[in-house]
Every structure is written in C-alpha cells, then in structure tokens.
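A.B. asks: I have a structure here, written as structure tokens, and I will follow up with some questions on it.
The values are calculated or read from the model by the stated rules, or taken from the named source; none is laboratory data. Note that the structure is predicted; figures quoted are calculated from it, not measured. Cβ placement follows ideal geometry from the backbone for every residue including glycine, while neighbour counts extend to all protein chains displayed. Note: areas computed on protein heavy atoms with side chains; ligands, DNA, RNA excluded. Shrake-Rupley method; radii C 1.70, N 1.55, O 1.52, S 1.80 Å.
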Amino acid sequence: MEIDYQLSDDVREKIEAEANKYPSRRAAVKSALRYAQQEHGWVSEGVVNAVAELLSLQSIQVFEVATFYDMFYTKPVGRHRIRVCTNVSCMLRGSTDVLNHLKEKLGVEVGETTADGKVALFEAECLGACGGAPMLICNNRYVENLTPEGVDQLLLELD
C-alpha cells in the first residue's frame with residue numbers, strides 16, 4: 001500500500017488557493033481530494049496523507065471525506081470512469097437497459113474495471129439531469145437521452 005505520495009507543485013498551489021477561500025482549512029478537503037485524484041487517478045493512502053499534511057489535518061479527517069463521496073475512488077480504477085444514473089427518473093426511462101448494455105459491451109460488472117484498465121463502470125444514485133434521462137457521466141462529461149447506439153458511440157470515442 002502506498003503510504004508516501006508527493007503532490008505536484010501545481011496541485012499544491014490549487015489546494016492552497018482553495019484553502020485560502022475559507023476560514024477553516026478543513027473546508028478545502030473535498031476540492032483538495034478532487035485535484036489530487038485528477039493527478040493521481042485515485043485516492044490512495046499516500047494521497048490522503050499528503051492532503052492531510054498540506055491542510056494541517058489528521059489523515060482520518062481527509063479519509064472520512066474520501067469515503068463519504070462516491071466521486072472519490074479509494075482503489076485504482078480505469079482511465080475512463082462511467083457512472084450510470086439509476087435513480088427513479090433514469091430507471092423509468094431505461095437506465096437499467098443502458099447499464100446492462102454497458103456490462104455486456106465492456107465485459108465487467110458494476111464496480112469493476114476492464115482487463116485493459118481502460119474503463120471502470122459504476123452506478124450513481126442521482127446525477128441531477130432528470131430531464132435528460134437516462135443519462136450517465138463519463139469522466140466529467142454528462143451524456144443524456146441515452147440509447148444503446150449512443151452508448152456504443154461513446155465507447156468508440158474513448159482512447
């Protein structure tokens with residue numbers, strides 16, 4: 001398990017800028033984890049420790065945030081992360097079919113990463129785009145009004 005990890009100067013600067021916006025450095029934990037995860041790919045123990053040190057917090061205070069939000073990955077995941085909304089609006093408009101199509105095309109179950117490390121598949125409780133249901137988010141891109149053909153096109157676009 002990785003215990004030592006050094007944040008890049010760029011990420012450290014971004015985290016400091018966030019921390020300076022708040023009266024308490026603890027308020028910047030979520031942003032700090034987001035920046036660190038973008039750089040590292042996931043939130044390892046080393047990332048938690050580095051963020052905690054930079055923000056003058058206990059590691060457990062950072063770990064609590066990392067494990068509370070489903071946007072943070074505490075295990076390595078694929079280069080591309082697909083999160084399919086399975087909340088009521090999306091479910092009623094076909095997200096179950098979309099999810100099953102993705103599982104079949106990728107050869108993985110929810111929570112798994114393809115053998116080549118390219119794509120990880122997840123469910124999401126609600127992604128806030130009910131008007132465009134069914135929808136998913138791939139990395140930071142929202143894709144709405146999904147069809148199996150649209151999913152296939154999305155997969156073709158991934159490097």
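A.B. asks: Quick check on Gly128: is it at pLDDT below 95, assigned to a loop (DSSP other than H, G, I, E, B) and either over 19 Å from Arg34 (Cα atoms) or not β-branched (Val, Ile, Thr) (or both)?
C.D. replies: Considered against the rule, which asks whether it is at pLDDT below 95, assigned to a loop (DSSP other than H, G, I, E, B) and either over 19 Å from Arg34 (Cα atoms) or not β-branched (Val, Ile, Thr) (or both), Gly128 comes out as yes.
A.B. asks: Then there is this: Output the residues belonging to the range 56-82 that are aliphatic (A, V, I, L, M) and within 15 Å of Val151 (Cα to Cα).
C.D. replies: Ile82
A.B. asks: It is to be established whether one or more residues within the range 121-128 are of a type in the set (A, V, I, L, M, F, W, C), over 13 Å from the mean Cα position of the chain (by Cα) and buried (at least 19 other Cβ atoms within 10 Å of the Cβ).
C.D. replies: Scanning the range 121-128 turns up no residue that is of a type in the set (A, V, I, L, M, F, W, C), over 13 Å from the mean Cα position of the chain (by Cα) and buried (at least 19 other Cβ atoms within 10 Å of the Cβ).
A.B. asks: Here are some residues: Glu64, Glu53. Which one is open to solvent by 90 Å² or more (accessible area, probe 1.4 Å), part of a helix (DSSP H, G or I), within 14 Å of Leu7 (Cα to Cα) and without any contact (Cβ under 8 Å) to a residue 60 or more places away in the chain?
C.D. replies: Glu53
A.B. asks: Let me ask something else about it. Any residue in the range 102-117 that's at positive phi: show its pairings with residues that are open to solvent by 80 Å² or more (accessible area, probe 1.4 Å) and charged (D, E, K, R) at Cβ separation under 9 Å, as long as the two are six or more apart or on different chains.
C.D. replies: Here the result reads Gly111/Glu123; Gly117/Arg79, each pair linking the range 102-117 to a residue that is open to solvent by 80 Å² or more (accessible area, probe 1.4 Å) and charged (D, E, K, R).
A.B. asks: Let me ask something additional. Output the number of residues of the range 5-41 satisfying the condition of being crowded, with 17+ Cβ neighbours inside 10 Å and in contact with a Pro (Cβ under 9 Å, 6 or more places away or on another chain).
C.D. replies: Qualifying residue count, the range 5-41: 0.
A.B. asks: Would you check which residues across the range 83-94 are part of a loop (DSSP other than H, G, I, E, B), of a type outside the set (D, E, K, R) and closer than 14 Å to Glu144 by Cβ and list them?
C.D. replies: Asn87, Gly94
A.B. asks: Checking the condition open to solvent by 40 Å² or more (accessible area, probe 1.4 Å), assigned to a loop (DSSP other than H, G, I, E, B) and out of contact with any helix residue (DSSP H, G or I) (no Cβ under 7 Å at 6 or more places or on another chain), which residue from Gly78, Gly111 passes?
C.D. replies: None of the others qualify; the one that does is Gly111.
A.B. asks: Which of the following residues is more than 22 Å from Gly117 (Cα to Cα), at pLDDT below 95 and either more than 20 Å from the chain's Cα centre (by Cα) or not hydroxyl-bearing (Ser, Thr, Tyr) (or both): Asn87, Asn49?
C.D. replies: Selected residue: Asn87, the only one of Asn87, Asn49 that is more than 22 Å from Gly117 (Cα to Cα), at pLDDT below 95 and either more than 20 Å from the chain's Cα centre (by Cα) or not hydroxyl-bearing (Ser, Thr, Tyr) (or both).
A.B. asks: Out of curiosity, is Gly78 over 23 Å from Ser8 (Cα atoms) and either of a type in the set (Gly, Ala, Ser) or at pLDDT below 95 (or both)?
C.D. replies: So Gly78 does not fit the description; no.
A.B. asks: Follow-up. Given the structure, is Asp97 assigned to a helix (DSSP H, G or I), farther than 25 Å from Gln37 by Cα and in contact with a Lys or Arg (Cβ under 9 Å, 6 or more places away or on another chain)?
C.D. replies: no
A.B. asks: Additional query: Do you know which of the residues in the range 129-159 that are within 10 Å of Ile82 (Cα to Cα) and of a type in the set (S, T, N, Q) is least open to solvent (accessible area, probe 1.4 Å)?
C.D. replies: Asn139
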